[in-house]
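Quick notes on the structure that follows.
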């Protein structure tokens, strides 16, 4: 996740990568009279995938379910014309390819401050991607990176994204455009509280910088990051555990992911805090490192799932290495 970010650097002064190149709507619900009532009472919804021919339970939108299992990330530089040029590297065909790789949720950037006249980016094109994802059985998680320079504008963009036919919303907390850390923290908490008031019954995620970065690698980058308060306003944290942009001592998927999980839970005082790990950057990691990431997750309780940043830089071998994560999403594990 990044907002016109610099190239990744070994010292890791930012977790942001270099941009480059509704629920799962499985078509008509199966209606079978009283059987449907019984299934709904049991909390299980069955549906048929549009055009996919798959049958299975649907991950319920705006719950923790879409964060479970295996996910992939797509930023606005990859799919939009405004930021990606006339031939973006990600289009609707990529959603079918994601499903074929076993991905269960796509994290799709839906707004960007670099296009100030559009609260939601290229809405028609965006809706086409969302529809394609749902057609192929993927949940869609909208995300946006607020700069915190104008929290009212940030809130407007977040709520506009929430109104799309998406399955949830995550806030990308990494901008240091507000230079004073105390003011930055105050604005972050102000925005988070306003978003929570606007969406009181929705599960909302916070995409965060890595705790290793903020506590060990570069403590001056964001001093006194309000981990505990963020964990109160959001239901799940998604740390950007990008070991590929770290110095060699941290360039280890197992160590970096594991220590980030442990440090975040210690900083929040929440040993059971729901976490979805974002690994990467995909074209800078090895399959062995991805396997290490999986091992770190499997060694800890309560990790909902994981993903790679990002789809356009990933390889089939990496997705194969992470395939055991699919079992963490009961609603999607048997969809293929």
So for each of 67-75, 83-91 I average, over its residues, the number of other beta carbons within 10 Å; can you give me the resulting order with the highest mean first? 67-75, 83-91
Normalised contact order of region 116-229, rounded percent, pairs of Cα under 8 Å and 6 or more residues apart: 25 percent
Shape call for region 60-328 from the C-alpha gyration tensor, a ≥ b ≥ c root eigenvalues: rounded (a/c under 1.5), prolate (a/b greater than b/c) or oblate? rounded
Contact order relative to length of region 173-301, as percent, for alpha carbon pairs under 8 angstrom and 6 or more apart: 25 percent
Any idea how far the Cα center of region 272-333 sits from the one of region 55-99, in Å? 16 Å
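Each reported figure results from applying straightforward, stated rules to the coordinates on display, with no laboratory input. Everything numeric in this text was worked out from a predicted model, so none of it was measured. Here Cβ is always computed from backbone atoms with ideal geometry, including for glycine, and neighbour counts include all displayed protein chains.
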